[in-house]
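> Sending over a structure as structure tokens; questions will come in a sec.
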């Protein structure tokens, strides 16, 4: 059941229009997913999230979408936009160079409804790799200074600390498409972030955790995860560097 | 066995197989290709012990590497505890079977049974 709707009143002189196709699916009621089409207007600064919210406001409030900060910080609005995993709040319509914009829920995640997906597995995998500094002496005693690091030591991991857990890397990963038990590029990159941190002492336990039949060795270095990351993190590189630790090239 | 140990074996067997197969191909080039595949020529190769050992090593390396590769592909296609155990032990059994069958040919030739 496709639906075509448009906003006819209050058109700005600089506004252009596109067709927004939203993949609708409610696992509780629907047997299969289907696209609904909406004619929407946009300015050069309008993001995909803005037009989805326009659709909710003017046409169909039942469209399910998760969002929060609108500034690529919270990692809530990841979705497939014109076939590629992107953050809806960080993707301008004008950048897509297309009269038709298609939005779908992220792949490799169970759908809650429409564009909202379940993040439980991503967060479980993230939690499993112990995403915090492990030390015996975490309680500072008097006359002790904070853990100092040289700029070179910070460089080892700092880009991986930019991860916002949006799940776009897991959505783009071809291994995750077939291996539902694969730990995923997000968790592996975070494992590297802490293993490479000179303050951390939990390397052995983390490496042990990712060294199983659905762990780090199932990455085939397709590099899709790094291509789609909105924060410039390079999970594929992190995974290869982590393999260096596993194979004994790094210590 | 830990997955990292298995994968070290996987990479090691790949590198060693490339080196030994290169030697094997160079040895084949010492005579005409069609001639090297003749029955008598193959038997002579099996009876030349250093070369037979190298062929045996190639067989082991390729069997270990190939069947582990197959195991990896199969466990990525489908998941489940029983399925994964069946795949792992099935690949191990097939690998041992292939090595035993290839070794049997070399041993029988050297014992004069062929």
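Rule-based calculations on the coordinates, nothing more; no lab input. Source: prediction; values computed, not measured. So basically every Cβ, Gly included, is an ideal-geometry build from the backbone, and we count neighbours across all protein chains shown.
> Between residue A:99 and residue A:240, what FRET efficiency follows from the Cβ-Cβ distance if R0 is 41 Å, with the result rounded to 0.05?
It comes out at approximately 0.55.
> Over the C-alpha atoms of the range B:3-110, what are the Rg and the largest Cα-to-Cα span, Dmax, in Å?
My reading of the Cα-based Rg and Dmax gives 16.6, 51 Å.
> Mind ranking A:93-106, B:68-81, B:21-34, B:101-114 by how tightly packed they are, going by the mean number of other C-beta atoms within 10 angstrom, highest first?
A:93-106, B:68-81, B:101-114, B:21-34
> I've got another one for you. Starting from the Cα of residue B:11, step 7 Å along the direction of its Cβ; do the same at residue A:205; then give the gap between the two resulting points in nm.
2.7 nm
> What angle do you read, to the nearest 10 degrees and between 0 and 90, between the alpha-carbon axis of helix A:235-247 and the longest principal axis of chain A?
With both axes taken from Cα atoms, the answer is about 20 degrees.
> Then there is this: If you count, for every residue in A:209-219, the Cβ atoms of partner chains within 10 Å of its Cβ, what is the mean?
4
> Moving to a separate point now. Give the calculated FRET efficiency between residue A:15 and residue A:177 to the nearest 0.05, with a Förster radius of 35 Å applied to their Cβ-Cβ distance.
So the FRET efficiency works out to roughly 0.40.
> Hey, what angle do you get for helix A:185-195 against the long axis of chain A, alpha-carbon based, 0 to 90 degrees rounded to 10?
Once rounded, the angle reads 30 degrees.
> Angle, helix A:48-58 long axis vs. longest principal axis of chain A, Cα atoms, 0 to 90°, nearest 10?
That helix lies at roughly 40 degrees to the long axis.
> Set the Förster distance to 22 Å, then compute FRET efficiency between residue B:74 and residue A:220 from the Cβ-Cβ distance, nearest 0.05.
0.90
> Where does each of A:217, A:45 land when they are ranked from fewest to most other beta-carbon atoms within 10 angstrom?
Exposure proxy ranking, most exposed first: A:45, A:217.
> Just from its helices, what would the mean residue ellipticity at 222 nm be for chain B, if runs of 4 or more DSSP H residues each count -39500 (n - 2.57) and the sum is divided by every residue, rounded to the nearest 500 deg cm²/dmol?
-29500 deg cm²/dmol
> If one puts a single equal scatterer on every Cα of the protein assembly as shown and applies the Debye formula without solvent, what log₁₀ I(q)/I(0) results at q = 0.07, 0.08, 0.11, 0.12 Å⁻¹?
-0.49, -0.60, -0.89, -0.97
> Going by C-beta contacts inside 10 Å, put A:169, A:89 in order with the fewest on the left.
So the ranking, lowest neighbour count to highest, is A:89, A:169.
> Using only atoms on other chains, find how many Cβ atoms lie within 10 Å of each Cβ of peptide A:238-251 and report the average.
What the average comes to for A:238-251 is 1.
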